[in-house]
Structure formats: C-alpha cells, structure tokens
Amino acid sequence: MIEPAPGSPRPRLNRRRWLIAAVAAATIGWAAVGGWRDRAERRVRPIDPASGYINTALDVGYVGDQACARCHGEIAALYRRHPMGRSLTPISMDRDVVLGKSALGNQVVFKAGGLEYSVADRDNRMFHQESRRDASGRVIARSEGEVRFVLGSGRIGLSFLIERDGFLFQSPISWYTQKAKWDLSPGYERRNAHFDRPIGASCLYCHANHVNPTRGTVNHYETPIFQGYSIGCERCHGPGEEHAVRPMIVDGRDVTIVNPANLEPPLRDAVCEQCHLSGRRRIPRLGKTDQDFRPGLAFHSFWTVFEPAEGANGERFVGQVEQMRQSRCHAASQGKLGCTSCHDPHRVPEPDERTAYYRERCLNCHAKKPCALELMTRLKQSPADDCVSCHMPRQGSHDIAHSAATDHRVPRFPGRERAAIPVSPSPGSSLVPFHAALLTDQERSSIGRDLGIAVCREGIEGAALAVSKLEQALKSNHNDPVGWEALAVALGELGRKADALSAWKEAAAQPPTSETALAGLAAAAQAAAQRDLAVSTWRKTVAAAPVRSEYRANLASALFETRDWPDCARECRAALGLNPVDLDTRQLLVRCLLRLGDLAAAREQFRILLDFDPPDRADLLNRFSALTPKP
C-alpha cells in the first residue's frame, strides 16, 4: 500500500466503499486462516518404515525448484551450474550459445551418407535441415524440424529435440563438445532415423525434471510437456509438498524430505542409480513406471537391471555404477562407499581445484594407509600428485553417452584386472540381476517375467527362454501389456507366426491400447496376409501417432496389397512429406500412380527416385521401362 506524502490530505472512503473493503479483508483473512488450518490440521502421514521418511508416498505433491530456493537459495544457485542442473533447456535460453557453434544462414555444418545437414536461424527460431542433392548439385529433397529443446549439459555434447503436435523426436544433428564439431546423433551412423526417432519417457526420465507421457503412446506428452526442465531438487530429495507446508523433526531429523546422506547404503545408492544405472537391460517391474520411483525407496522395487554374467570376470563395464561396484574400495567399505563419497551432487569442482578436491576424497578413507609409493616417485608420474590420473585412468574418448569417462573400478595397479567374482546366471541365460543380493524371496520368484523380457530383447538366442518365462508369468498376471508384446516378439523370432499373431492381439487388447502393440499386431497381420486386419490396425496406429513417417509408410504398403490405390497414394505422400529420402516409399508411390493411370505424376516421382542415384538403378530402369524416356 502506498502511503500519502506527509502533510497531504488523506483520501476519504464513503461508507459503502469502506464496508465493502472491510468485508473483503475479513473474508480474505478468514480464508487464509482457514487454509492454514486445513494444512496444519490435515492428517499426519505415516513414516515409511523402509526409508524413515513420509514423502515417499505417491500422493505427495511436487512443489518445484523455486519453492526450494526460497529457503535454500545459495545451494540452489550452486546446483544450477552443475551438469544435472543443466540437463535440459528450452532452445530460447541456449539459442545464441548453440548457434555460435556454427555458421548461420542455412550453411552446411557437415555431410554424412550422401546427405547434407544444416543449422538455420530464421526469425529467432532454430531449424535443423537434412538435404539431398542430385549430381548437378540441385536440392531434390529437404526436410527440417524446428528445434524446441536442448538435451545435455554440454560437457559431452548437445542433442536437440523437435516437437510436432506434442510428439517429441530427436534431431539427427548433434554437437560433440570434445571434438568441437557437429555430426550425426549417437546411433545414427548405424541406422539413420532422420527426423523420425521418437523420444520416449524412459529417455527423458534422466534428462528432464518431470514429464507427463500420454498413456499408451511412445512419445506423446500432455502439455505443458515439461514441469521444470533440468533435473531438479526433488529428483534426489523426493516431493517437497509436506516439507514446504509443515516440516516435522523426529529424532533430530526432518522426516518430510529425504536426505540421501541419511539413508542406508542401498537406498542412498538408488537415488543415483535411478539415472546412472542402465545395465545391459533395464526392465520396469510389472505395474511400475519410471515416474513411480521416489528417493528413499528401493531401486529394485521399480526396475530390474540385468548385466552379463561374464562382466564379473573381467569385462570392462561402461557404466559408473557397475564399475564402482567392482572396485576394491566398495567391497572393503562393505558398501558404505557410494557415488557421493567422491562426488558432490550440488557442485562440480572447478578445473583448478579438481586434483586437490578428489585427493581429499581419497584421503577420507586412506589417511591412515596412504599411497604405497613415495612422494617423489608419485610426483615424477604426476607433478600435481593426482590420485585420479593413476587409479582412475581415462577410458578413451568420452563422446559416448552413458559411459564412464574414467575407470570407476579404481584399480590399485592400473592395467591389472581384478579376480573374478562368482555369479550365478539363470539357467539358459547369460544375464544376472544386478541387485540379486537385495531381492526378497517373493521378488526373486517373480523376476522370471523381467528376465523373459530382457532375453527377448537379446534377439533370437534368447527367444526360447523368453517364451518359457513369459508364458509362465502371464498365466499368473494376464494384464501385462509389456509382457505380451515381448512374448509376441519372441514367438515371431522362433517362426511361430500364428502364435505370435495371437499374442499381439492380446497385447493390443490390454488397456490402455498401446501404440507399439498396435504396430506389432498390424505388422504380424500383414505378414500373415490378413490384409483387412493389417489395414484397419495400421489406421489405428497412424491415428495414435500421425506424425510418424514409418507408420504411414507401412499403412501405404498394406493399402497397396488391398488395391486401394487412392488411399495408398495419399499415405505415400504423407510419409514422404515427413521423410522425403525414404526411397522404398517413393518407389511404392510410383507403382501406385501407375495403377491409377497417372503417368505424368508417376514419371515425376520416378525421375526424383533416379536423382537419388539408388544402388538398384539398373533394376529400376528395367522394372519401370514404360517411364524411361525413349532415346
């Protein structure tokens, strides 16, 4: 309220206005008191006996980083400079930084696989482009996507997300920090998905603070897509609603917000493992999603992580968690040593303090029994007396996502492998559960379902075991969409097409209808020559994800088999609008246009097809001789 200047007359309220103001103030006051009482007098949540905290319940709400920063401003500001605090940002925040890494004005930043890739700046918006030129240098195909989000802190690199109507896709263009260059996104050198690689919730789980995926879809999200961008305070401390409203001290500690340092080692480790433990296969437990996990709860209650059994016999794991678990440091401490024994989760030491910082961490355990080498010997090897450079040597290039930059096994003698640790893989499988020692008898008995899904994803060699495990599990729990999909895939690998089709039907019937189950059923029906079922199911799949070029191309193929030439041509054009370098679909469009009798359009599409200089050019000229210009 603005007070009048001294000596100036105070404005007068007429009686009616004064009465209205007084009633309004009283109403607001009583509402505030009532709201406080509602919060203060609501039921006290029980303390979870497993974690010792009350904010591990699913119905405890999240309040966001700003609420945390009101009381913890200094540490919140420090954390925002941490890589986890910069894991995802809108392009509007990083646009100048990202664009500064390349020339502007649609200039090509690199070439790969006969395609050109550009970063363009138009009207303060960033676009990534993929182009193909013919022999004369003329652009014959170009697709682009507007970059909406930057994925990664930039320490290893940056990837970029394209949004189309609430669907998220990865751009084929990424920035690699250590090499200081643009190149294809990870994995694109094996299979170039162009602008059609979906980004699912399990990927975003470790890069974004919180998302609300649309149930049954692969990469569609409720809007706004992100609730907070980068990994936030509550991902490690749990939801803060109870703590923000009414902290509660029990036995000297606040039980309304998780402090990972006070957790038992397995629960403390789970806070880091939720993002830093991928394993060979990571399978969500039946009925669980990534979003269900809360700090303070056991990791293996939400995921089963499988590792290759031979990994314990000297194989160099790429993950930090697996490597640390193999270390003598971890074993000798009986599990007390964890990620935060060496790493401060709120800050990363500056380059000029890193050596001293990590040496101090080593000496926390090794003060009484320091390095066996004399100081002068150590200084010859490392003038800075750097423990890490000797006992945690770098492992080649660190441009690979999800890999350890340094050897987290902390070998006492670098170059020597540790002795084998006995492991017991399941019969018929080389995979072992990472948390086997923590499983209860009930969890151990139910792990067959997760193993079945894991070995199914290993390919044909795991198909028979997958079928055995999954058939047994599905008898007990019929409502398991992921289990039915895995069983269908395994049956298909074994050549049991009729059984696979039946399993796909079961998968597609599970609520909510799964986009991947629909796609699997449509493909299985098409392979079984059940053309009407294939077309109707591909239509449902396209309706679920209309911006996936792959789905539209498959629908076009099914429509061609039913001789529905007009719809086939429409779907071909729609697929090519999303991915113009799809030569199979362009060839299908040529065939369809010929059936429709549209020779002019067929010739135009055939000319574009030949401009791509396809490897089967001679065969195409033979097959479509009617479209070849006569000499």
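Quick note: the coordinates plus some simple rules give every number you see, no bench work behind them. Predicted model only: the values in this text are computed from it and were never measured. Virtual Cβ from ideal backbone geometry, glycine too; neighbours counted across all protein chains shown.
Trypsin sites (Lys or Arg not before Pro), restricted to segment 430-491: which are DSSP loop and have at most 16 other Cβ atoms within 10 Å?
Arg457
Could you work out the mean projected area of the convex hull around the alpha carbons of segment 79-232, in square nanometres to one decimal?
For segment 79-232, the mean projected area of the Cα convex hull comes to 9.7 nm².
Counting only helical runs of four or more DSSP H residues, what would the 222 nm mean residue ellipticity of the chain come to if each run contributes -39,500 (n - 2.57) and the total is spread over all its residues?
-12000 deg cm²/dmol
Return the FRET efficiency for the residue pair Asn477, Arg573: r is the Cβ-Cβ distance, R0 is 41 Å, and the value is rounded to the nearest 0.05.
That pair, Asn477 with Arg573, gives E of 0.40.
Just need the relative contact order of segment 532-631 here, percent rounded to a whole number, with Cα pairs under 8 Å and 6+ apart. List each step's numbers first, then the result.
Numbers: 95 pairs, mean separation 18.0, N = 100.
About 18 percent, as a whole number.
Pairs of alpha-carbon atoms within less than 8 angstrom and 6+ residues apart define the contacts here; what relative contact order does the chain have, in percent?
Contact order relative to length: 10 percent.
Provide the FRET efficiency to the nearest 0.05 for the Lys369-Val250 pair, computing r from the beta carbons and using R0 = 22 Å.
The formula returns an efficiency of 0.05 here.
Per residue, what volume in Å³ does the Cα convex hull of the chain take up?
Expressed per residue, the convex hull around the Cα atoms of the chain is 274 Å³.
From the P(r) of segment 532-631, could you give the percentage of C-alpha pairs in the tail past 23 Å?
When all Cα pairs of segment 532-631 are counted, 25 percent exceed 23 Å.
Give the lysines whose C-alpha is closer than 28 Å to that of Lys336, dropping any in the same chain fewer than 8 places away, or say none.
Partners found: Lys368, Lys369.
Students often forget the sequence filter, so: which lysines lie under 16 Å Cα-Cα from Lys497 once same-chain residues fewer than 8 apart are removed?
Within the straight-line limit of under 16 Å, Lys497 reaches these lysines: Lys505.
Got the relative contact order for segment 79-232 handy, in percent, Cα pairs under 8 Å and 6 or more residues apart?
Value for segment 79-232: 20 percent.
Which shape class, rounded, prolate or oblate, goes with segment 423-497 when its Cα gyration tensor gives a ≥ b ≥ c as root eigenvalues, a/c under 1.5 marks rounded, and past that a/b bigger than b/c marks prolate?
oblate
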